[in-house]
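Worksheet: the structure to be examined is printed underneath.
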Amino acid sequence: MTIDSPGALLRRYGLQARHSWGQNFLIAAEVHTAIAVASEARPGRRVIEIGAGLGTLTDRLLATGAEVWAIERDRDLCAVLRAELGERPNFVLHEADAVRFDYAAAIAEQAEPVAIVGNLPYQLTGPLLFALLEQVPTGGPWVVMVQKEVADRLCARPGEEDYGGVTAVLSRVRAISRVRNVPRGCFLPAPRVDSAVIKLEARPEPLGAVGDEAGLRHLVRAAFQQRRKVLINSLASLGSRAEAQAWCAAAGIDPGVRPETLGPEQFAALQRAREAAGAGAA
């Protein structure tokens, strides 16, 4: 069984997209297929879908035989999901806020790594990615739709103009790649910007071990707050100039470089130097 198009479902249930919630429903079947393939959904694997909406991607995921845990906070859309998909044996609906959802519990005791997919609202992209990073740094792939400019930043390499702190933190534990670009016409209603699907695959080991993950994130945020400053000046908010010089020396990093030239391994080395000096906590 295949459910109707988003337009038909909206008409049937007398609903409209909530612009204040960033609701834009994906109507391109080929993109649904690309996300399902990238997620490696299959029988025996659980897939968590963030923001199931009207259930069109959910339907495609269910067709793979995977167990789909759909998260949706809009009560009206939850009613649609129950009516359209509620009888599927591999469908589980969670009426919840995706930012506060307990992902760690959802992946516990699963025989196969759990995949996470979703079309992330622009204003929640950062909070959702960091919620996932804190709770499920390892495990199955994350396949998410984001605004194209966000995808450009997340897929950027050290030294490139789009590279920033979020990329440095995420790419340390997840290899980030672009699945495909998605033009604005693939949505109902059409947003004002284009989107892209990206895949974040867990690395076998992080690019550089640290003792305090929160301390590392604090370090990277400080380094990129004024990205045009050289590193030694960017680290001024974390300690004295002499301390910053010592951290750079211990990490083998030139204090005169700009932060956007440093890769995840180098930020990890800086964090280890801070921890060794007793200054690594957030």
- prompt: Among the residues of the stretch 1-13, is any part of a helix (DSSP H, G or I), out of contact with any His (no Cβ under 7 Å at 6 or more places or on another chain), aliphatic (A, V, I, L, M) and without any contact (Cβ under 8 Å) to a residue 24 or more places away in the chain?
  reply: yes
message: For the stretch 126-151, give me each residue that is assigned to a helix (DSSP H, G or I), open to solvent by 10 Å² or more (accessible area, probe 1.4 Å), under 22 Å from Phe25 (Cα atoms) and not basic (Lys, Arg).
response: Gly126, Pro127, Glu149, Val150
field: Subset of the stretch 266-278 [at negative phi and loosely packed, with under 15 Cβ neighbours inside 10 Å]
entry: Ala276, Ala277
- prompt: Say we look at the stretch 211-228 and pick out the residues that are farther than 13 Å from Ala268 by Cα and in contact with a Pro (Cβ under 8 Å, 6 or more places away or on another chain); which of these is modelled with the highest pLDDT?
  reply: Phe224
Conditions (1) under 27 Å from Ser39 (Cβ atoms); (2) in contact with a Cys (Cβ under 6 Å, 6 or more places away or on another chain); number of the one not met by Pro183: (2)
field: Of all residues in the stretch 152-168 being touching a Phe, Trp or Tyr at 6+ places or on another chain (Cβ under 7 Å) and either in a strand (DSSP E or B) or of a type in the set (A, V, I, L, M) (or both), the one that is surrounded by the most Cβ atoms within 10 Å (Cβ to Cβ)
entry: Ala168
Qualifying positions in the stretch 13-40 - small (Gly, Ala, Ser) and over 13 Å from Gly118 (Cβ atoms): Gly14, Ala17, Ser20, Ala28, Ala29, Ala34
- prompt: Considering only the stretch 234-259, how many residues are within 30 Å of the chain's Cα centre (by Cα), farther than 20 Å from Gly278 by Cα and either surrounded by fewer than 18 Cβ atoms within 10 Å (Cβ to Cβ) or at pLDDT below 95 (or both)?
  reply: 2
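Are any residues in the stretch 225-282 among the charged types (D, E, K, R) and part of a loop (DSSP other than H, G, I, E, B), and if so, which ones? Write out each step before concluding.
Start the filter on the stretch 225-282 by keeping residues that are among the charged types (D, E, K, R), which leaves 227-229, 241, 243, 254, 258, 260, 265, 272, 274-275.
Scanning the stretch 225-282 gives Arg227, Arg228, Lys229, Asp254, Arg258.
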- prompt: Restricting the stretch 169-220 to residues that are hydroxyl-bearing (Ser, Thr, Tyr) and in a strand (DSSP E or B), which is most open to solvent (accessible area, probe 1.4 Å)?
  reply: Ser177
query: Scanning for something at positive phi and surrounded by 16 or more Cβ atoms within 10 Å (Cβ to Cβ), does the stretch 19-27 turn up at least one residue?
result: yes
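Looking at the structure I just gave you, is Leu15 in contact with a helix residue (DSSP H, G or I) (Cβ under 7 Å, 6 or more places away or on another chain), under 23 Å from Gly185 (Cβ atoms) and among the aliphatic types (A, V, I, L, M)?
Details: in contact with a helix residue (DSSP H, G or I) (Cβ under 7 Å, 6 or more places away or on another chain): yes; under 23 Å from Gly185 (Cβ atoms): yes; among the aliphatic types (A, V, I, L, M): yes.
Against the criterion (in contact with a helix residue (DSSP H, G or I) (Cβ under 7 Å, 6 or more places away or on another chain), under 23 Å from Gly185 (Cβ atoms) and among the aliphatic types (A, V, I, L, M)), Leu15 qualifies.
Across the stretch 151-197, what is the total count of residues that are small (Gly, Ala, Ser) and within 24 Å of Asp212 (Cβ to Cβ)?
Just the residues of the stretch 151-197 that are small (Gly, Ala, Ser), to begin with: 151, 156, 159, 164-165, 168, 171, 175, 177, 185, 190, 195-196.
Those left that are additionally within 24 Å of Asp212 (Cβ to Cβ): 164-165, 168, 171, 175.
So the count comes out to 5.
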Selected residue (criterion: most open to solvent (accessible area, probe 1.4 Å)) from residues of the stretch 47-80 that are within 25 Å of Ala108 (Cα to Cα) and assigned to a helix (DSSP H, G or I): Arg60
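The values are calculated or read from the model by the stated rules, or taken from the named source; none is laboratory data. Every value quoted in this text rests on a predicted model; they were computed, and no experiment measured them. Ideal geometry is used to build each Cβ from the backbone, glycine not excepted, and the neighbour counts take in all protein chains shown. Only protein heavy atoms, including side chains, enter the accessible area calculation; ligands, DNA and RNA are left aside. Shrake-Rupley method; radii C 1.70, N 1.55, O 1.52, S 1.80 Å.
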